[in-house]
1. I need the helices of the chain that pass two filters: whole DSSP H segments spanning 24 Å or more by Cα along the axis, and mean Kyte-Doolittle score no lower than -1.0.
2. Please compute the modelled spin-label separation between GLN78 and SER39, points set 7 Å along Cα→Cβ, answer in nm with one decimal.
3. Work the Kirkwood hydrodynamic radius out for region 87-142: mean of 1/r over every pair of different alpha-carbon atoms, inverted, in Å.
4. Taking 8 Å as the Cα distance limit and 6 or more residues as the minimum spacing, I'd like the relative contact order of the chain as a percentage.
5. Assigning unit charges at the beta carbon (Lys, Arg +1; Asp, Glu -1) and nothing else, what dipole magnitude in debye, to the nearest 20, does region 5-137 show about its Cα centre?
6. Mind scanning LYS2/LYS110; LYS2/LYS103; LYS13/LYS86; LYS2/LYS120; LYS2/LYS86 and naming the pairs with a C-alpha gap bigger than 25 Å?
7. Thinking of the chain as a set of Cα atoms, what percent of all their pairs are more than 23 Å apart?
8. Pairwise over distinct Cα atoms, reciprocal of the mean inverse distance: report the Kirkwood radius of region 1-81 in Å, one decimal place.
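We did not get these values from a lab; they are worked out from the coordinates using the rules stated. It should be emphasised that the depicted structure is a prediction, and the values quoted were computed from it without experimental measurement. Ideal geometry is used to build each Cβ from the backbone, glycine not excepted, and the neighbour counts take in all protein chains shown.
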Amino acid sequence: MKGPVLAVDHGTKRTGFATTDPLRIATRPLEVWKGPGDSPQLVEYTVALAREREATHLIVGFPLHMDGAEGGRAKDVQTFVDALAKALPGVKIVKQDERLSTKAAEALLKEAGHFGDERKARRDSWSALVILRDWIESGEPE
């Protein structure tokens, strides 16, 4: 089943978002949400975005170490995922490996001509874009 997808790069101070069109052909970064990652407002904001875009899937970047073990923030991200699952029972939520997504986002931003503060302001949503593209390129596993 195709449909719009919303990707999230969960952070402690900023959270990035990216989305697809209904056919999952075009991807684009969205605005960064600024605020604490454990805030109920972040869950509310994410739920509103998913509903507004009629997302069928929510792809959440999951922190893993290079050896595949869960990273230090895994528990925080899992708590966020659990809250989303409760608030969005009809949306499939997938945890996607986010290793090296920030580095890849930095390269994309540089290639697109974004530097300095502009690059820093966009980095989290472009990381979400990388997470989303990785999920699509891996065959959209559920």
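1. Working: long enough: 116-137 (30 Å, -0.85).
Helices meeting the span and hydropathy rule in the chain are 116-137.
2. Roughly 2.5 nm, to one decimal.
3. On the way: mean 1/r = 0.0811 Å⁻¹.
Over region 87-142, the inverse of the mean reciprocal pair distance is 12.3 Å.
4. Details: 259 pairs, mean separation 43.1, N = 142.
Reported relative contact order: 30 percent.
5. Details: 20 positive and 20 negative charges, 27 e Å.
Computed charge dipole of region 5-137: roughly 120 debye.
6. Values: LYS2/LYS110 31 Å; LYS2/LYS103 29 Å; LYS13/LYS86 23 Å; LYS2/LYS120 32 Å; LYS2/LYS86 22 Å.
The pairs that break the limit, which is 25 Å between Cα atoms, are LYS2/LYS110; LYS2/LYS103; LYS2/LYS120.
7. On the way: 2721 of 10011 pairs.
Across the chain, Cα pairs with separations above 23 Å total 27 percent.
8. Values: mean 1/r = 0.0755 Å⁻¹.
So the Kirkwood estimate lands at 13.2 Å.
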